[in-house]
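Student: Before we start, here is the structure in question, set down as structure tokens.
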Amino acid sequence: MAWLSAPRTPAAPVPAEVRRWHLAVIVAYGASGVAFSSWVSRVPALRSDLGLSPGGVGLLLLCMTLASFASVSASGLVVIRLGSARTIQAGSILVGAGLLALGLGASVARSPVAAAVGFAVIGLGTASWNTASNVEGAAVERALRRFIMPRLHGAFSLGTVLGAVVGTWAAAAAVPLAWHLGAAGIVVAGAVAVAGTFLRADRAAGTAHDGAVPAAGEHPPSSVLAPPRRGRGCRPHRNRLRGPGRPGAGRGGLA
């Protein structure tokens, strides 16, 4: 039982830039939850303002679903092209613009077509935003050397609670959709735009590709979305049967 009394090595202190990076990723996840629950909590008001049947509401949601499918299909290429930080910022701006368009289309223009456009823009921004957030989350998890992904998804859940509470109050106070969703879109896009300046997955990956040594406590993310580089691939190990006159024949003939 000597191992029970062995002194434990204290964990290395986390650099301040990695802590800021961690907080920025939490903001990205939480803001996504706020944006989601903001429009979900106002679906009854949306239906009332547009005079839609349940089938009409379903068609509006279908517009967002199709846009999300198209966006998530291309999100890997978008992240490679723009980087995860810029993709998160661009996605949040799209979601904010979509929330504003949805609110204006429902409570001002009273146009189902305008509301459908807003839903489509929200779907385009949400899918790419979430994909890039997972890239940043995996990268900061490696930098911290501990599992934090459940907490990041918990931040999303807390964001949905916050957005739902505000949405419930807005519905009870009969706040017009344009004001509520417009304000939510501005807050979400602004918060993520600021947080995006502290995201480091792209810089960590660039440091690793350049061959430099990462900063203390920083580990480059796995390049799951990046194309493979030539000359760095893995070569498969092959077992060869050895003949009677070769070494290893007396051990069953396998090297």
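We did not get these values from a lab; they are worked out from the coordinates using the rules stated. Everything numeric here is computed off the predicted structure, so don't read it as measured data. Using ideal geometry, Cβ is built from the backbone for each residue, glycine included, and neighbour counts are taken over all protein chains shown.
Student: Between His153 and Thr197, what is the spin-label point distance in nm, taking each point 7 Å from the Cα along the Cα→C-beta axis?
Tutor: In this crude label model, His153 to Thr197 measures out at 3.2 nm.
Student: Listing Val113, Val187, Val135 from the residue with the fewest other Cβ atoms within 10 Å to the one with the most, what is the order?
Tutor: Working: Val113 11, Val187 17, Val135 27.
Ranking Val113, Val187, Val135 by Cβ neighbours within 10 Å, fewest first, gives Val113, Val187, Val135.
Student: Once the Cα gyration tensor of the range 50-205 is diagonalised, what are the square roots of 5 times its eigenvalues, in whole Å and ordered largest first, as equivalent ellipsoid semi-axes?
Tutor: On the way: eigenvalues 180, 62, 35 Å².
Semi-axes from the Cα gyration tensor: 30, 18, 13 Å.
Student: Label-point separation (nm) for Ile186 and Leu23, each offset 7 Å from Cα along Cα-to-Cβ?
Tutor: Each label point lies 7 Å from its Cα, and together they span 2.5 nm.
Student: Using 0.36 nm per residue of separation minus the Cα-Cα distance, give me the extension gain between Thr65 and Val108 in nm, one decimal. List each step's numbers first, then the result.
Tutor: Values: separation 43, 0.36 × 43 = 15.48 nm, distance 2.41 nm.
Stretched fully, the Thr65-Val108 segment lengthens by 13.1 nm.
Student: What is the distance, in nm, between label points placed 7 Å from the Cα along the Cα-to-Cβ direction at Ile80 and at Trp179?
Tutor: Placing both labels 7 Å beyond Cα along the Cβ direction yields 4.8 nm.
Student: Quick one: what are the phi-derived ³J(HN,Hα) couplings along the range 79-84, Karplus 6.51/-1.76/1.60 with θ = phi - 60°, whole Hz, x for glycine and proline?
Tutor: Those phi angles translate into 5, 5, 6, 9, x, 5 Hz.
Student: Hey, another quick one. When the convex hull of the Cα atoms of the range 68-132 is projected onto a plane and the area is averaged over all directions, what value comes out in nm²?
Tutor: Mean orientational projected area (the range 68-132, Cα hull): 3.8 nm².
Student: On to the next question. Packing-wise, with mean Cβ within 10 Å as the measure, how do 189-200, 119-130 rank, highest first?
Tutor: On the way: 189-200: 19.7, 119-130: 24.9.
With the highest mean Cβ count within 10 Å placed first, the list reads 119-130, 189-200.
Student: What does the highest-first list of 97-106, 70-79 look like by mean Cβ count within 10 Å?
Tutor: Numbers: 97-106: 25.2, 70-79: 17.1.
Going from most to least packed, we get 97-106, 70-79.
Student: Pop out the ³J(HN,Hα) list for the range 64-72 in order, Karplus 6.51 cos²θ - 1.76 cosθ + 1.60 with θ = phi - 60°, rounded to Hz; leave Gly and Pro as x.
Tutor: For the range 64-72, the Karplus curve yields 5, 5, 5, 5, 5, 4, 5, 5, 5 Hz.
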